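The values are calculated or read from the model by the stated rules, or taken from the named source; none is laboratory data. Everything numeric in this text was worked out from a predicted model, so none of it was measured. Note that each Cβ is placed from the backbone with ideal geometry, even for glycine, and that neighbours are counted across all protein chains shown. Heavy atoms of the whole protein, side chains included, go into the accessibility calculation; ligands, DNA and RNA do not. Shrake-Rupley method; radii C 1.70, N 1.55, O 1.52, S 1.80 Å.
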There are 2 protein chains.
Amino acid sequence: MRSLTTCVSPQLLPLHDLTDKTVVVVDVLRATSSMITAFAHHVETITPVPTLAECRMLKSQGYVTAGERGGQKVQGFDLGNSPFDFMDHQLHGAKLAFTTTNGSKAIVLASEAKTVLIGAFLNLMATAEYLIAKNQPVLILCAGWKGKFNIEDTLYAGALAGRLSNHFSFDDDATLAAATLYKSVASNLSEFLGRSSHAQRLMGFENQKDLEFCMEHDKYMINAALQEDHLVRIN
Amino acid sequence: MRSLTTCVSPQLLPLHDLTDKTVVVVDVLRATSSMITAFAHHVETITPVPTLAECRMLKSQGYVTAGERGGQKVQGFDLGNSPFDFMDHQLHGAKLAFTTTNGSKAIVLASEAKTVLIGAFLNLMATAEYLIAKNQPVLILCAGWKGKFNIEDTLYAGALAGRLSNHFSFDDDATLAAATLYKSVASNLSEFLGRSSHAQRLMGFENQKDLEFCMEHDKYMINAALQEDHLVRIN
């Protein structure tokens, strides 16, 4: 059976061998949820960039700039990091340059893997089906919060592990913990998440709307993957 | 309210500020369980050392050497890393030099904190009472497995958080996740742990006995803390 492992923070990624692996990068609140939403609304590419400066440089080349620092929209950027920012039909065919505190950096860190997918509750089933069809071991990379463990990304890892459990062996304690945690709170996910530090931070300047949207399961049957330095929709 | 945070791997410790904190270091299988057992059987001091060479040097100074590499007793050492190795009445008053893959190193890493305590299920209640009586914020440092997340140390963090919940605020997602996980599996802890990677590794060359002993709650009403470079029993 193929193996499924979970890395709870990008800072622990050097401990994992990425060769031949599909890495699913997840930053539920909100980078990867927003990226999947953007692809569902027909953006053409998303280039994840670690720094504000690189993002601004790409703007001068015609890219639409999006992202956040400390959860807030960046001054001078076209868009923030709320999934609702990416539903505009004017973004059809656009190329986005996207920078966030955790998610964009995690995608760049994972880029040495054989395949890098974007994970979110919004496209959970699509990702699970893709991974089952593909014959590769899988690593779920939680973007975390400034290098620390975070709960919403771990819950996603647990949810994905649950969907894959008949097809993959759980190789490690982090996956077992995440799957057990998800199962124990799945019936009450939003309330549980409301107690987490990042969700509380998020709700300090946004309303509940983003959080609830990002926790919707299986809304979009699409996948996005890294090709060279940018993400594209692959199905 | 004082804050309680959890660090799921020593590799993430640089992200935490240890100033004024009491750090509880836990390596349930088996280093900190064995250390508490040793103090319950009246060893005088335990010096945690990161390397085999340092341990051997201390042997030439009259120390009793103990520890493991890859879960196995080290050639030429007096004792291994099973708690049952530390019940011998001949160890009364002994000075131990102790080196293990994860636990000893985590203790050394934590040594810049104001207070460093040794945590295990075996002395869970004693540690909780000590922390409640003392007016300091607390960080639980999980020793993990070669830098990665592990489940038994996370479960301990969750158990301790549960005992402290009326006196401390949970500051972070890792503590919330650990407390929720512990609560969901507490009634069936040994069976759940039997599915974890480290427990399986351990049971490959030991029997079930060590695992079950290390999971006993509140067996010893003692605490041990770091003073300079060695651990002593403090109550």
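Does region B:1-18 hold any residues that are part of a loop (DSSP other than H, G, I, E, B) and surrounded by 24 or more Cβ atoms within 10 Å (Cβ to Cβ), and which are they?
Of everything in region B:1-18, those that are part of a loop (DSSP other than H, G, I, E, B) and surrounded by 24 or more Cβ atoms within 10 Å (Cβ to Cβ) turn out to be B:V8, B:S9.
Of all residues in region A:164-181, how many are more than 7 Å from every other protein chain (Cβ to nearest Cβ), over 13 Å from B:D173 (Cβ atoms) and surrounded by 20 or more Cβ atoms within 10 Å (Cβ to Cβ)?
Counting residues in region A:164-181 that are more than 7 Å from every other protein chain (Cβ to nearest Cβ), over 13 Å from B:D173 (Cβ atoms) and surrounded by 20 or more Cβ atoms within 10 Å (Cβ to Cβ) gives 5.
Which ones in region A:26-60 are open to solvent by 40 Å² or more (accessible area, probe 1.4 Å) and among the small types (G, A, S)?
Listed by number, the residues that qualify are A:A53, A:S60.
Please go through region B:109-133 and pick out each residue that is within 12 Å of the chain's Cα centre (by Cα) and either assigned to a loop (DSSP other than H, G, I, E, B) or modelled with pLDDT under 95 (or both).
Correct list: B:A120 only.
Out of the residues in region A:184-216 that are modelled with pLDDT of 90 or more and not in a helix (DSSP H, G or I), state the one that is nearest to the other protein chains (Cβ to nearest Cβ).
The selected residue is A:M215.
Any residue in region A:146-175 that is touching a residue at least 60 places away in the same chain (Cβ under 8 Å) sitting within a Cβ distance under 8 Å of a residue that is surrounded by fewer than 22 Cβ atoms within 10 Å (Cβ to Cβ) and among the charged types (D, E, K, R)? List the pairs, counting only those 6 or more apart or interchain.
A:H167/A:R2; A:F168/A:R2; A:S169/A:R2
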